[in-house]
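To keep things clear, I will list the structure first and then write my remarks on it.
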Amino acid sequence: MSGPLPLTTAPLSTHTTNAPRSAACWPTPAFWLLLALPLLLGLGSYPLFDVDEGAFSAATWAMLDSGDWGHTTLNGAPRFDKPILVYWLQAASVALLGLNEWALRLPSALCTWAAALAAGRFVAQRGGARAGQLTALVLVTAFGPWAMAHAATADALLNLLLMLTALDVWRHLESGQRAPLRRAAVWVGLGLLTKGPIAVLVPGAALGLWVLTRRDWPALRRVLGDPIAWLLVLAVAAPWYAYALHRHGMDFIAGFILKHNVGRFTGPMEGHGGSLLYYVLIVPLLWLPWTPLWASLLPRWRALWCDAQMRFWLCWAGFVLVFFSLSGTKLPHYSLYAGPGLLMLTGWALARAEPGRAPRTALWIALALLVAGLGGVPWLLQSGALPIDDTLYAALLHGAPAPVVVLAVAAALLAAIGALALWAGQPFSTRFAAAAWLVAVAHGLFATPWLGDALQGPIKRSAIAARAAAGDAPVVQWNVSWPSSGVYLNRVVPAREPQPGELAITRVDRLPSGVPVTVLRQENGVALVRREAP
């Protein structure tokens, strides 16, 4: 190991940056591939998850179908949920690789890969190549970031842009150079095109807290007083926002700004609420198997707070977790916006020294629990050992093939974890990183495809059957919201009651009594029906 990252207690405005340690081995092409495999293997082997993946993907298909790249729609109606950038990336991927799950998810996987490389390079320049490699491996194997890399949504892209913003803001703070600050301005502008004001709020609040706690007002003046940086933000983001406002007027303000930004903070949207302790429980789960490393930070909190760089990461992570704890709408992936701070703190703990026996044991247990959970939960759900309140999900899981392969892979992983834990031929960090990498690869190849096909396979197959049966006739979603059906049908699938003669994709338990229908296909609670005339 390269030892701890340097503590810098002097004000940064007068601090000379430490010379970077040797990072000649960072990154090698082999390590690039090593980081990419957990993100790419199995990426297209399961259907799109509704609602989020389905909605993003259906809007991307509609953009390609219409040729209108300045505006997104979902089922024929304007979609104001998110800005335009992620749709452009997905559309470009689909244009090159075809309309399939692999192409739709590829931008998210590549964004997480790029974020890992950027963070690893940053740490390697300050703590050596080995510390950089371990930090990058943390990001691609931690459960939450790994999951977002496998989702065709905007979150992995935003996480990349927040990572790049954080790293360049720090580079500016420690060196005073303007180039990193102006790069950060470009990342912020792109973040505004990805998910809106949060791309400004998080970096701005983290910087503000850092300056306030250190009383380093010259640093704040340097950041806020660069007109070129502000012009770069506006040059990147303003044209599309001006176009959207010109095209949609107050509908854009009401839909995007008021509903999907202000409204999400002031109240729970779509039933996604939670207590103030929501993220206290969620965040440790999302960063498994690396979470036990955080225990080593607690005894050193004074030293961390006195370190200028570590204080910046604490301010970043702390603001995100407190802000979203106060938000009315709570979703697990919101906490991943704390990723730059949490990753650097985790990397700092990992780079200090080989942990003692108790921390090593806790890490191995955490990894084993992750394997047991993601391998055993499918069996527990299907067997009825875990209750399922929703009738449809119960039918989908109970009707899916038995997860025999998933259980066998989980057992093999537990055996591999035990062998690596007992092997003394390599440093602990190397053995544990290898085990975490194996777990991430196996989940992408086996556990997630089983779950995806169980929950979404019947919907995908019903949509494909509807495409063959309907010809050019309309197909609708009846009493359901499954936007992925539009992707597989390659058409707009409105959510409404079908007219006589029209086909509808629906839930068996939501078929209205007294309405004459012919069931054309039924699988695990999902039905394709044709409405008949009275």
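Summary table
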| read-out | value |
| --- | --- |
| Those residues of segment 413-455 which are closer than 18 Å to residue 290 by Cα and not in a helix (DSSP H, G or I), in sequence order | 427 |
| Only one of 368, 385 that is of a type in the set (A, V, I, L, M) and within 25 Å of residue 526 (Cα to Cα) | 385 |
| So residue 487, is it assigned to a helix (DSSP H, G or I), β-branched (Val, Ile, Thr), buried (at least 21 other Cβ atoms within 10 Å of the Cβ) and under 31 Å from the mean Cα position of the chain (by Cα) | yes |
| Total residues in segment 281-320, condition assigned to a helix (DSSP H, G or I), over 25 Å from residue 165 (Cβ atoms) and touching a residue at least 12 places away in the same chain (Cβ under 8 Å) | 5 |
| Those residues of segment 332-391 which are small (Gly, Ala, Ser) and without any contact (Cβ under 8 Å) to a residue 40 or more places away in the chain, in sequence order | 356, 358, 373, 376, 383, 384, 385 |
| Some residue of segment 280-300 being modelled with pLDDT under 85, closer than 30 Å to residue 370 by Cβ, of a type in the set (A, V, I, L, M, F, W, C) and under 20 Å from the mean Cα position of the chain (by Cα) | no |
| Boolean, residue 493 is in contact with a Ser or Thr (Cβ under 8 Å, 6 or more places away or on another chain), buried (at least 23 other Cβ atoms within 10 Å of the Cβ) and part of a loop (DSSP other than H, G, I, E, B) | yes |
| Among residues of segment 203-247, those that are assigned to a helix (DSSP H, G or I), open to solvent by less than 40 Å² (accessible area, probe 1.4 Å) and either under 22 Å from residue 309 (Cβ atoms) or in contact with a strand residue (DSSP E or B) (Cβ under 8 Å, 6 or more places away or on another chain) (or both), counted | 10 |
| Segment 177-202, residues that are open to solvent by less than 10 Å² (accessible area, probe 1.4 Å), under 21 Å from the mean Cα position of the chain (by Cα) and without any contact (Cβ under 8 Å) to a residue 40 or more places away in the chain | 191 |
| Yes/no for residue 117 being part of a helix (DSSP H, G or I) and surrounded by 24 or more Cβ atoms within 10 Å (Cβ to Cβ) | no |
| Members of segment 152-176 found to be within 18 Å of residue 283 (Cβ to Cβ) and in contact (Cβ under 8 Å) with a residue 60 or more places away in the chain, listed by number | 155, 158, 159, 162, 163, 166 |
| Residues that are part of a helix (DSSP H, G or I) and among the small types (Gly, Ala, Ser), drawn from segment 73-114 | 91, 92, 93, 95, 103, 108, 109, 114 |
| Scope segment 17-43; condition crowded, with 19+ Cβ neighbours inside 10 Å, at pLDDT 95 or above and in a loop (DSSP other than H, G, I, E, B); matching residues | 42, 43 |
| Breaking point among (1) under 26 Å from the mean Cα position of the chain (by Cα); (2) open to solvent by 60 Å² or more (accessible area, probe 1.4 Å), for residue 424 | (1) |
| Selection status of residue 351, among the small types (Gly, Ala, Ser), open to solvent by 10 Å² or more (accessible area, probe 1.4 Å) and more than 21 Å from residue 274 (Cβ to Cβ) | no |
| Selection count where residues are surrounded by 13 or more Cβ atoms within 10 Å (Cβ to Cβ), out of contact with any Pro (no Cβ under 8 Å at 6 or more places or on another chain) and either among the aliphatic types (A, V, I, L, M) or free of Cβ contacts under 8 Å to residues at least 24 places away in the same chain (or both), scope segment 507-528 | 8 |
| Of all residues making up segment 248-268, the number that are outside any helix (DSSP H, G or I) and either over 21 Å from residue 202 (Cα atoms) or open to solvent by 70 Å² or more (accessible area, probe 1.4 Å) (or both) | 2 |
| Qualifying residue in segment 125-132 (condition: of a type outside the set (S, T, N, Q), modelled with pLDDT of 95 or more and open to solvent by less than 10 Å² (accessible area, probe 1.4 Å)) | no |
| Any hit, segment 388-408, residues being open to solvent by 40 Å² or more (accessible area, probe 1.4 Å), modelled with pLDDT under 90, over 13 Å from residue 455 (Cβ atoms) and over 26 Å from the mean Cα position of the chain (by Cα) | yes |
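Quick grid of which residues meet (1) more than 18 Å from residue 147 (Cβ to Cβ); (2) surrounded by fewer than 17 Cβ atoms within 10 Å (Cβ to Cβ); (3) modelled with pLDDT of 95 or more:
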{"site": "369", "(1), (2), (3)": "no, yes, no"}
{"site": "372", "(1), (2), (3)": "no, yes, no"}
{"site": "383", "(1), (2), (3)": "yes, yes, no"}
{"site": "386", "(1), (2), (3)": "yes, yes, no"}
{"site": "414", "(1), (2), (3)": "yes, yes, yes"}
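The values are calculated or read from the model by the stated rules, or taken from the named source; none is laboratory data. Keep in mind the model is a prediction, meaning the values are calculated, not measured. Neighbour counts run over all protein chains shown; Cβ positions are idealised from the backbone, glycine included. These accessible areas exclude ligands, DNA and RNA; they are computed on the full protein's heavy atoms, side chains included. Shrake-Rupley method; radii C 1.70, N 1.55, O 1.52, S 1.80 Å.
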